[in-house]
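Enquirer: I am attaching a structure below and will ask some questions about it afterwards.
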C-alpha cells in the first residue's frame, strides 16, 4: 500500500521530471487518501519546485526546465482550485504579484508565483499590464504583506518606480515590502526606486521574499 510520504515524494518527482500524467494520477490518489491540500502543495508539489530551483541555481537545469516544471505546477494548481476556494485560512503571508503596465510578459512572473505558492504563501496574481492604480486598489482591498512587480522590457522599467510612488502616495508603501524582478531591472534600480529587494530569477525571488517577510 502506498503511504502518504510516498505519494508526496512521487508528486515532487513529477515536477522535477515534468510528468503531467503521473502528476494527475498521484494528485488524485493523494487527495483520496485524505492528505490536506496545503500539505500536497507544500510537501509534494512545492518540494519539487524547490528541487528544480536548486538544480537551476547549480546550472543543472535551464530556463526551459523551469518553464516545464511550472507548467506541471500550474496544471496541478488548476485541479486543486475548487478545493483551494473552500479554504478559509490564508497562507503564512499574502503577496500581490503582477507585471507592470505596458508589459505583457508573464513567464517570469508565473515562475515566481509558483515558487511562492509552493512555499505556503498566499499569492494574488494581478496578471500582466497592471497599472499603478490597479496595484494601489488591490493593495487597499487585499492588505498584502508584500507587492511583487515584474518588468521585462526596458521601456516599461519606469512603471516600476511610478507604481511604487503611487503606493507611497496612497500611504501603503510603509505597510508592506516591495520586491521587483525582471531582465531590465537590477539591485541598483531597486534601490533607486525605493523597492525593498530585487530577485534576478524565481529561485532568488523566493529567497528574497522570505528574507523580507521575516524582517516585517
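The values are calculated or read from the model by the stated rules, or taken from the named source; none is laboratory data. Given the structure is predicted, the values throughout are model-derived calculations rather than measurements. Here the Cβ is made from the backbone with ideal geometry for all residues, glycine too, and neighbour counts use every protein chain on show.
Enquirer: Which of the residues belonging to the stretch 26-67 are closer than 21 Å to residue 208 by Cβ, free of Cβ contacts under 8 Å to residues at least 12 places away in the same chain and either under 16 Å from the mean Cα position of the chain (by Cα) or not in a loop (DSSP other than H, G, I, E, B) (or both)?
Expert: Residue satisfying the conditions is 63 alone.
Let's see how each residue does on (1) buried (at least 22 other Cβ atoms within 10 Å of the Cβ); (2) touching a strand residue (DSSP E or B) at 6+ places or on another chain (Cβ under 7 Å):
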position: 102; (1), (2): no, no
position: 106; (1), (2): no, yes
position: 113; (1), (2): yes, yes
position: 127; (1), (2): no, yes
position: 134; (1), (2): no, no
position: 137; (1), (2): no, no
position: 181; (1), (2): yes, yes
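Enquirer: On the given criteria, is residue 162 at pLDDT 95 or above and either in contact with a strand residue (DSSP E or B) (Cβ under 6 Å, 6 or more places away or on another chain) or within 28 Å of residue 49 (Cβ to Cβ) (or both)?
Expert: For residue 162, the condition - at pLDDT 95 or above and either in contact with a strand residue (DSSP E or B) (Cβ under 6 Å, 6 or more places away or on another chain) or within 28 Å of residue 49 (Cβ to Cβ) (or both) - is not met.
Enquirer: Follow-up question, since we're still on this one. If you scan the stretch 159-216, which residues turn out to be on the phi > 0 side of the Ramachandran plot and touching a residue at least 24 places away in the same chain (Cβ under 8 Å)?
Expert: 182, 194
Enquirer: Is one or more of the residues making up the stretch 205-215 at pLDDT below 95 and more than 15 Å from the chain's Cα centre (by Cα)?
Expert: Yes, the stretch 205-215 has at least one match.
Enquirer: Determine which single condition residue 159 fails, assuming it passes every other condition in (1) surrounded by 21 or more Cβ atoms within 10 Å (Cβ to Cβ); (2) under 27 Å from residue 73 (Cβ atoms).
Expert: Only one criterion is unmet by residue 159, namely (2).
Enquirer: Continuing with this model, one more query. State whether the residues of the stretch 190-208 include one that is touching a helix residue (DSSP H, G or I) at 6+ places or on another chain (Cβ under 7 Å), more than 25 Å from residue 55 (Cβ to Cβ), in a helix (DSSP H, G or I) and assigned by TED's automatic domain parsing to the domain that holds residue 113.
Expert: yes
Enquirer: Further question on the same structure: Regarding residue 79, is this residue modelled with pLDDT under 85, more than 17 Å from the chain's Cα centre (by Cα) and either assigned to a loop (DSSP other than H, G, I, E, B) or at negative phi (or both)?
Expert: Criteria not met by residue 79.
Enquirer: What number goes with the only condition from (1) touching a helix residue (DSSP H, G or I) at 6+ places or on another chain (Cβ under 7 Å); (2) surrounded by fewer than 20 Cβ atoms within 10 Å (Cβ to Cβ); (3) within 23 Å of residue 108 (Cβ to Cβ) that residue 35 does not pass?
Expert: (3)
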